[in-house]
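A.B. asks: Below is a structure I'd like to ask you about.
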Amino acid sequence: MSLNDNQISTKTLSGTILLIIGILFPNIVEDWTTYVIENIEASILLKDGGKLVITSIVYMTKYCFIFFFIFFGAILVTDGMLVKKDHPYRLYFYAVLVLVTIAIYNYLHLENFSYIGHLLTLAILLCLQNYIPKQKYYYVIYSIILLFVLMAMNWVQLIPALSVLGLGTDDMAVSLKITDHYLSNNYLLNTLASILFVVFLVIPITLTFLVHLLNKQIMAMEKIQESESALKAARIALVESKVYEEVNSLVHDLKTPLSTIEGLSSLIKMRLQHKAETSIDNYLDRMGGSIQKMNDMISEILYEDIKQPISVKELLEYVTSHLILAEQNIEIDISIEDNIPNIYVNKIIFSRAVSNILENAIASLAGKAGKITVDVTRIEESIIFKFLDNGPGIEASHLQDIWEDGFSTRNSSGIGLSFVKTVVENHQGTIQVDSSPGSYTQVYITLPLYEKGEKVDEYNYLSRG
């Protein structure tokens, strides 16, 4: 059974129990009934209008409890059996269930209730229900509104002037109205019950209106936040796109002066080849090597799909050499398993991805002392990179959001881990994050083993272009 099915069965069971309590409630509070009857007699004997008022309040309270259990139990059973709030028969089912339960109550206790008052109560509740948001606190709000509506409608039963409409036909209500006629010629209950009816009816209507307005404001704010998030993501995407285009354009333009320098260097070397200038030859060789490395880097940036074999040690040395750790008490411990084979990656882009992971770990420590462990191992046909820091960790609610463009818990662009995930997947790898708030964060990158000779010729061809 699913969680949703459990919730449905719980609602149905809870509602059924409340309906049974409502039907049996007079047996539970027999003392209340005795109290009402005795005080009606005392009011007549003592000609005490104040005692009649107190007795009327006890009457109203008793039936508020009874009908609260019935009406609230019926809504739970309805929601349990007809899950969809827009079910075409939902309102009919609720109304019929309430009336059937009241009919059973009438049959068992022989109190001669009329159904006009209950039909009016149902009409008011069904009208107000349309404006109560079906959200987290729906049943709390509904129970409060139901209680006030029942108080209002129970006072209606005690208005003598409305008896001609068939209201207040149960035995106790009739007895109270006869007593009032004897004591004040119906003035007391006509006045008091009418005022309290209006007061208790205005309260739930006002409360429903305020809740409805508040819900509309919350929904409007949520839509605004969604729009802002979408706008932020679009803005970030636009900035990334422009930056990417500008960087590619700049990098491409660098190839021309580099080619010129390479050509001039070769020409100078040719001119000096008959002269014994060993030191200059060494300088020119070093210059040529640097130019070739820059050409390789440019090619890797311009052509993302270009990959080459590189040792894990060389890659991590390249990454850590660019990290800024000045004045930060952070230790980076790198452990590489012996005989780890080369990996097959785009050096520049993959290094940027690894650098983002380490920079996130450094930033999470916020200048505090900490340790970052990088562990590289081989498992079967894969190379596993594990990055572990002892920072504040990531909240469980954020673990699914960290891969989204624009998500950040700090004042940053929020493109770091989204970029990392894209790079890893472009290298046919996978990435996972495990974190414990206040303790640690671990990032796992799994890459497939490099197969010797794979696409190397293509890289070398492009890198010379």
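A.B. asks: So which of 363, 353 ends up being open to solvent by 40 Å² or more (accessible area, probe 1.4 Å) and either in contact (Cβ under 8 Å) with a residue 60 or more places away in the chain or not in a strand (DSSP E or B) (or both)?
C.D. replies: Selected residue: 363, the only one of 363, 353 that is open to solvent by 40 Å² or more (accessible area, probe 1.4 Å) and either in contact (Cβ under 8 Å) with a residue 60 or more places away in the chain or not in a strand (DSSP E or B) (or both).
A.B. asks: Exactly one condition in (1) modelled with pLDDT under 85; (2) crowded, with 17+ Cβ neighbours inside 10 Å is false for residue 274; which is it?
C.D. replies: Here residue 274 meets the rest and fails (2).
A.B. asks: If you scan the stretch 105-138, which residues turn out to be in a helix (DSSP H, G or I), touching a helix residue (DSSP H, G or I) at 6+ places or on another chain (Cβ under 8 Å) and surrounded by 15 or more Cβ atoms within 10 Å (Cβ to Cβ)?
C.D. replies: Those that are in a helix (DSSP H, G or I), touching a helix residue (DSSP H, G or I) at 6+ places or on another chain (Cβ under 8 Å) and surrounded by 15 or more Cβ atoms within 10 Å (Cβ to Cβ): 105, 109, 116, 117, 118, 120, 121, 122, 124, 125, 128, 129.
A.B. asks: Return yes when residue 70 is at pLDDT 85 or above and surrounded by 20 or more Cβ atoms within 10 Å (Cβ to Cβ) and no when it is not.
C.D. replies: For residue 70, the condition - at pLDDT 85 or above and surrounded by 20 or more Cβ atoms within 10 Å (Cβ to Cβ) - is met.
A.B. asks: List pairs: first residue in the stretch 48-77 and on the phi > 0 side of the Ramachandran plot, second residue buried (at least 19 other Cβ atoms within 10 Å of the Cβ) anywhere in the structure, Cβ distance under 6 angstrom, at least six positions apart or on different chains.
C.D. replies: Listed pairs, sorted by first residue: none to list.
A.B. asks: Taking residue 417 as meeting all but one of (1) modelled with pLDDT of 80 or more; (2) in a helix (DSSP H, G or I), write down the number of the exception.
C.D. replies: (1)
A.B. asks: Right, something else. Filter the stretch 139-180 down to the residues that are touching an Asp or Glu at 6+ places or on another chain (Cβ under 6 Å) and part of a loop (DSSP other than H, G, I, E, B) and list them by number.
C.D. replies: Across the stretch 139-180, the qualifying residue is only 170.
A.B. asks: Among what's in the stretch 195-216 and is surrounded by fewer than 17 Cβ atoms within 10 Å (Cβ to Cβ) and of a type in the set (S, T, N, Q), pick the residue that is farthest from residue 42 (Cα to Cα).
C.D. replies: Step by step, filter the stretch 195-216, then rank; the result is 215.
The values are calculated or read from the model by the stated rules, or taken from the named source; none is laboratory data. These figures come from a predicted structure and were not determined experimentally. Quick reminder, even Gly has a Cβ in these numbers, built from the backbone with ideal geometry, and neighbours come from all protein chains shown. Areas reflect the complete protein model, heavy atoms only, side chains present, ligands, DNA and RNA absent. Shrake-Rupley method; radii C 1.70, N 1.55, O 1.52, S 1.80 Å.
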